[in-house]
1. Among residues other than A:VAL80 whose Cβ falls under 12 Å from its Cβ, what is the net charge (Lys/Arg +1, Asp/Glu -1)?
2. Spelling out what I want: for every residue of the stretch B:100-107, take phi, set θ = phi - 60°, compute 6.51 cos²θ - 1.76 cosθ + 1.60 (Karplus), and round to whole Hz; glycine and proline get x.
3. Can you give me the relative contact order of chain A as a percent, contacts being Cα pairs under 8 Å and 6 or more apart?
4. Along Cα→Cβ, 7 Å out, is where each label goes; now give me the distance between the ones at B:ASN10 and A:SER112 in nm to one decimal.
5. Over the stretch B:94-195, calculate the relative contact order: mean separation of alpha carbon pairs under 8 Å at least 6 apart, over the residue count, as a percent.
6. Taking the Cα centre of the protein assembly as shown as origin, sum charge times position over the Cβ atoms of Lys and Arg (+1) and Asp and Glu (-1), and report the length of that vector in debye to the nearest 20.
7. Quick check: from the Cα gyration tensor, does the stretch A:97-193 come out rounded (a/c under 1.5), prolate or oblate?
8. With θ set to phi - 60°, apply the Karplus curve 6.51 cos²θ - 1.76 cosθ + 1.60 along the stretch A:43-58 and write out the HN-Hα couplings as whole Hz, x wherever there is a Gly or Pro.
There are 2 protein chains.
Amino acid sequence: MADFSFVTNNKLKRQLDFLVEIDKMKNIFRRTVIINKSRRENDAEHSWHFAMYAMILEEYSPEHIDINKVIKIALVHDLVEIYAGDTFAYDSEGNKNKKQREIEAANNLFGSICSEQGNYLRSLWEEFEEKETAESRFANVCDRLQPLIHNYFTDGHTWREGDVSSSQVLERMDIIRTASPELWKVVTEIVDNSIKRGILRP
Amino acid sequence: MADFSFVTNNKLKRQLDFLVEIDKMKNIFRRTVIINKSRRENDAEHSWHFAMYAMILEEYSPEHIDINKVIKIALVHDLVEIYAGDTFAYDSEGNKNKKQREIEAANNLFGSICSEQGNYLRSLWEEFEEKETAESRFANVCDRLQPLIHNYFTDGHTWREGDVSSSQVLERMDIIRTASPELWKVVTEIVDNSIKRGILRP
């Protein structure tokens with residue numbers, strides 16, 4: 001089995017180990033399917049797409065945001081799922097112990113590299129979770145809008161599978177209402193159209 | 001079929017169409033396999049992983065770099081492959097017309113959104129291709145190091161499949177020699193170890 005035992009710089013060795021470890025993001029599958037409906041989307045793809053949403057839609061944050069921070073949040077926001085797994089947004093049982101599972105995962109993963117970088121990655125993840133900064137709010141807008149659009153383009157795949165109602169969707173999307181009024185109009189039209197098309201319960 | 005015809009803001013409509021279109025990155029498969037060897041890696045995952053390499057290994061650029069620029073380059077550097085397809089790094093035939101295919105793809109893709117954003121995305125892609133800035137050189141370091149490490153951890157998967165020699169690998173990695181001497185040491189040790197382990201032709 002290959003390893004980095006030949007790397008004498010211990011900090012670099014741990015960084016390389018970390019970069020190999022996070023390859024596991026490519027095997028963490030979300031409930032959302034990709035737009036051609038052929039399979040579920042994984043966390044690595046989702047993180048890239050979320051970062052692209054942030055980059056392209058930046059102007060729809062009424063608050064000033066540091067877009068570079070938002071992009072970094074996108075890249076790392078799901079890393080803890082390598083150990084904690086993906087929890088379906090509408091799974092109330094699974095969401096009960098989600099926080100504890102993710103904190104343990106963060107200790108494990110972010111503790112594996114040097115403390116300066118580990119603490120920085122953890123701070124980005126915590127900022128995303130806390131939704132207290134403009135960057136975090138806009139990151140959450142993109143993280144929620146992306147799967148909404150996927151559901152819209154895949155005949156409500158995840159909604160139907162999870163028997164989700166429009167009020168649950170709107171509740172899940174609620175941060176967009178205040179953090180991006182222009183994108184909120186898109187959300188409500190998608191929900192209305194989806195009900196009309198019979199792909200989302202009223 | 002779903003679409004964004006209900007979005008009256010034409011700029012936003014084109015941005016949303018673009019974000020749906022680039023979902024196709026998840027179906028562009030590279031020659032490299034993911035580390036658990038179960039399947040090929042796609043461009044969306046690779047772009048995310050490349051961005052993480054840049055974020056974690058930034059300090060190994062002896063030249064000062066704007067890491068935010070490098071990350072953005074990572075996110076968009078392979079977008080043209082949506083229309084041009086992935087060209088295997090060691091395919092000399094396919095590489096002959098690669099440039100022309102990619103320029104046509106860039107015109108098509110970057111022309112689909114507003115000119116300000118389209119020109120910006122194109123400029124990031126061109127900067128990556130030209131390797132004339134410190135950011136571009138470090139981006140190329142990460143873009144080459146990531147699949148090298150995947151080959152090392154997957155028993156030389158792509159090298160064996162393509163009957164690639166160590167001198168071809170070192171030539172492909174050459175930008176790392178000057179753009180990151182510390183990471184170049186890792187490259188040469190990986191190549192030496194791979195020859196010893198019989199997973200790479202001398």
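Each value in this text was obtained by applying a stated rule to the coordinates, not by laboratory testing. Every value quoted in this text rests on a predicted model; they were computed, and no experiment measured them. All Cβ positions, glycine included, derive from the backbone under ideal geometry; neighbour counts span all protein chains shown.
1. Values: positive: A:LYS24, A:LYS98, A:LYS99, A:ARG101, A:ARG122; negative: A:ASP43, A:ASP78, A:GLU81, A:ASP86, A:GLU102, A:GLU104, A:GLU126, A:GLU129.
Summing Lys and Arg as +1 and Asp and Glu as -1 gives -3.
2. Rounded to whole hertz, the list is 5, 4, 6, 5, 4, 5, 5, 4.
3. On the way: 238 pairs, mean separation 44.5, N = 202.
Relative contact order for chain A comes out at 22 percent.
4. Simple spin-label model gives 5.0 nm for this pair.
5. Values: 52 pairs, mean separation 20.8, N = 102.
It comes to 20 percent, rounded to a whole number.
6. Working: 54 positive and 68 negative charges, 194 e Å.
Here the size comes out at about 940 debye.
7. Values: a/c = 2.90, a/b = 1.84, b/c = 1.57.
Cα axes put the stretch A:97-193 in the prolate bin.
8. Coupling constants for the stretch A:43-58: 5, 5, 5, 4, 5, 5, 5, 4, 4, 5, 4, 4, 5, 7, 9, 2 Hz.
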